[in-house]
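Contents: one structure, followed by commentary.
The values are calculated or read from the model by the stated rules, or taken from the named source; none is laboratory data. Bear in mind the structure is a predicted one, so any value in this text is a computation, not a measurement. When we count neighbours, we look across all protein chains shown, and the Cβ atoms used for this are built from the backbone with ideal geometry, even at glycine.
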């Protein structure tokens, strides 16, 4: 009986060749090392989370026609943790392990569909110091492949949020969104502890980055965005080299397209305008609740 049970377990294990249990709290997939930072997941639950994360990464790699960067950086470590207060449901940062820099994606609260996981996995695939470039690409991935309730969308499109900010005269010039966190209404406490001290400004900045990224995708395509990312690693924001226009010209064209964008629903823009006008800090959560109730 014991031998039959052993053979049955072995057959089940071999039937899933892409995933291996490295320890009771860590699972390796082809591109990820997935662990439980909460201490609350069973091995079966952690296995399902690892499978979901690997599948999401493969969708991202297909969208961007990219590889996971395993030869350069090794596997991405994904840690599923308990929910945290605030607006960050996933974060990406670097950590030193055994004398080597390792990419870390920490996902907070994953019993339901994770938020921002596609965004932060994209940041791990395309490491980028410039926050504007990083968020343009990450929010674009989340909008196409992730959870629509994720910040800054919160159940609506970044385009609709941006038009709402236009209505209120609150659109931030893209050149004012620096490569660091300060100009985004945020500060980095270190060790992945990133906090917003101006929630309204943070929301405006992120939504605009997502909307602008979508415009660049629809106008110039994935390859030019990837080229822009690659060139920016050696040169500060090479807009003209990559797209043939200055940032001012690109920004004007982007804003002009929003005025006639058929996917921007006036009823949604009106709702978001009112929510943000009433309370910029609470607008995101109220919008997410309204959108979630409609699903």
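General observations
- Test result for residue 84, assigned by TED's automatic domain parsing to the domain that holds residue 273 and in contact with a strand residue (DSSP E or B) (Cβ under 9 Å, 6 or more places away or on another chain): no
- Residue check, residue 139 under 21 Å from residue 287 (Cα atoms), in contact (Cβ under 8 Å) with a residue 40 or more places away in the chain and in a helix (DSSP H, G or I): yes
- Members of region 220-237 found to be closer than 21 Å to residue 61 by Cα and part of a loop (DSSP other than H, G, I, E, B), listed by number: 221, 233
- Selected residue [surrounded by 18 or more Cβ atoms within 10 Å (Cβ to Cβ), within 25 Å of residue 277 (Cβ to Cβ) and within 16 Å of the chain's Cα centre (by Cα)] from 196, 205, 164: 205
One line per residue, one yes/no per condition, for (1) under 10 Å from the mean Cα position of the chain (by Cα); (2) outside the structural domain of residue 204 (by TED's automatic domain parsing):
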residue: 118; (1), (2): yes, yes
residue: 121; (1), (2): yes, yes
residue: 137; (1), (2): yes, no
residue: 157; (1), (2): no, no
residue: 170; (1), (2): no, no
residue: 175; (1), (2): no, no
residue: 185; (1), (2): no, no
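- Search result, residues across region 34-79 that are assigned to a loop (DSSP other than H, G, I, E, B) and in contact (Cβ under 8 Å) with a residue 60 or more places away in the chain: 37, 65, 66
- Within region 284-294, not a single residue is part of a helix (DSSP H, G or I), in contact with a strand residue (DSSP E or B) (Cβ under 7 Å, 6 or more places away or on another chain) and under 26 Å from residue 147 (Cβ atoms).
- Residue 102 being free of Cβ contacts under 8 Å to residues at least 40 places away in the same chain, farther than 25 Å from residue 222 by Cβ and outside the structural domain of residue 181 (by TED's automatic domain parsing): yes
- Any hit, region 99-113, residues being more than 27 Å from residue 289 (Cβ to Cβ), surrounded by fewer than 24 Cβ atoms within 10 Å (Cβ to Cβ) and out of contact with any strand residue (DSSP E or B) (no Cβ under 8 Å at 6 or more places or on another chain): yes
- Within the option set 275, 250, 217, 258, being at pLDDT below 95, out of contact with any strand residue (DSSP E or B) (no Cβ under 7 Å at 6 or more places or on another chain) and assigned to a helix (DSSP H, G or I) holds for one residue only, 258.
- Test for residue 106: is it over 27 Å from residue 52 (Cβ atoms) and either outside any loop (DSSP other than H, G, I, E, B) or modelled with pLDDT of 95 or more (or both): no
- Every listed requirement among (1) part of a strand (DSSP E or B); (2) in contact (Cβ under 8 Å) with a residue 40 or more places away in the chain is met by residue 187 save one, (2).
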